[in-house]
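This report concerns only the one structure given below.
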Amino acid sequence: MKQMITGHTRLAALFAKPAKHSISPAMHNLSFEEQGIDAVYLAFDVEPDDLAASIQSIRQLDLLGVNLSMPHKMAAVPLMDECSPAAELIGAINTIVNQEGRLIGHNTDGIGFMRALEDIQVSIIGDTMTVIGAGGAATAIISQAALDGVKTIHVFNRKDEFYPIIQDKLTQIAEKTACEITLADLEDQTALKSAIDQSSLLVNATGVGMKPNDTVSPLKNKTLLRESLSVYDVIYNPRETQLLKDAKAVGAKTANGLSMLLYQGAAAFKLWTGQEMPVEKVKALIESM
């Protein structure tokens, strides 16, 4: 039986542009219903120029909180009353919690990633990993992994105009954690081979391999893959990218970004409600979508 909307029903939301494609409403509304929480979750297209007013509405309308997606994750940071240590380190937020009018910014993307590794029985604490890409998802993954105790992270990215900015950001993360972080040009195949040989996990945090270019892999030389190298791809459409197909062919453990999406949502849900998301039911739902 569906929950009734009442005068006490609270609102949680997604602020993004675009927002209509998101599966977060399905995830959170199922969770509210399963946990008997009198709340609903809606998705709103929010223009960048309207972000400050939209965030102020969280206080004015007493929302539980919101999720943020592109292009608002960085722009919302200075609008917060406080940010979590991970959000400070990353410089971006994807979750806002309303604590009686005080807005706390969190970033649950990295938390979702680290939890997702448990599903494939991969532990990288005290170990070495290689990350392809250095955008928002990559920065969240790198920051949380460094905070949690990963020993070394090798990052590879195209040497474009953002490369010096990336270098500065990674240096800041390394200085604030006990993690050694390196950055190299993705075209440097010698450095890439050396890094992957040292790593127990390879992460693709780029859009390379996403539909319609799903026959392309961010790893030009698939012979760098091996059975003992677990591979995680943040892409979940398609469910199995070319990189994951190549990794599975050599017997490696693999996972796509659907699990990261699930667990970052579960972390946000707990921040808002203090309750656990019914992840198995939500997982079944989003896998069928």
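For the stretch 63-85, what are the residues that are open to solvent by less than 10 Å² (accessible area, probe 1.4 Å) and either more than 18 Å from A137 (Cβ to Cβ) or assigned to a helix (DSSP H, G or I) (or both)? Residues satisfying the conditions are L63, G65, V66.
Screening I58, I37 for residues that are free of Cβ contacts under 8 Å to residues at least 60 places away in the same chain, surrounded by 18 or more Cβ atoms within 10 Å (Cβ to Cβ) and more than 20 Å from the chain's Cα centre (by Cα) leaves exactly one candidate, I58. For the stretch 158-179, the criterion of being in contact with a Ser or Thr (Cβ under 7 Å, 6 or more places away or on another chain), touching a residue at least 12 places away in the same chain (Cβ under 8 Å) and in a strand (DSSP E or B) is satisfied by no residue at all. Restricting L103, L89 to those that are farther than 20 Å from L262 by Cα, open to solvent by less than 30 Å² (accessible area, probe 1.4 Å) and free of Cβ contacts under 8 Å to residues at least 60 places away in the same chain reduces the list to L103.
Results for (1) open to solvent by 30 Å² or more (accessible area, probe 1.4 Å); (2) assigned to a loop (DSSP other than H, G, I, E, B); (3) at pLDDT 95 or above; (4) farther than 14 Å from H154 by Cβ, shown as yes or no for each residue.
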site	(1), (2), (3), (4)
E187	yes, yes, yes, yes
T190	yes, no, yes, no
M210	yes, yes, no, yes
N213	yes, yes, no, yes
L219	no, yes, yes, no
Y232	no, no, yes, yes
P238	no, yes, no, yes
L244	no, no, yes, yes
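Restricting the stretch 246-263 to residues that are hydrophobic (A, V, I, L, M, F, W, C) and open to solvent by less than 40 Å² (accessible area, probe 1.4 Å), the residue that is farthest from P278 (Cα to Cα) is A247.
Look at the stretch 6-17: where a residue is under 17 Å from F269 (Cβ atoms) and without any contact (Cβ under 8 Å) to a residue 40 or more places away in the chain and a partner is surrounded by 16 or more Cβ atoms within 10 Å (Cβ to Cβ) and among the β-branched types (V, I, T), sitting 6+ places away or on another chain with Cβ atoms under 9 Å, you get T9/V40. One residue stands out in the stretch 1-27 among those that are within 21 Å of the chain's Cα centre (by Cα) and over 21 Å from P71 (Cα atoms): the one that is surrounded by the most Cβ atoms within 10 Å (Cβ to Cβ), namely M27. Within the stretch 43-55, the only residue that satisfies the criterion of being part of a helix (DSSP H, G or I), open to solvent by 70 Å² or more (accessible area, probe 1.4 Å) and in contact (Cβ under 8 Å) with a residue 12 or more places away in the chain is P48.
The values are calculated or read from the model by the stated rules, or taken from the named source; none is laboratory data. As the structure is a computational prediction, the values presented were derived from the model and not from experiment. Ideal geometry is used to build each Cβ from the backbone, glycine not excepted, and the neighbour counts take in all protein chains shown. Just the protein is used for accessible areas: all its heavy atoms, side chains included, with ligands, DNA and RNA removed. Shrake-Rupley method; radii C 1.70, N 1.55, O 1.52, S 1.80 Å.
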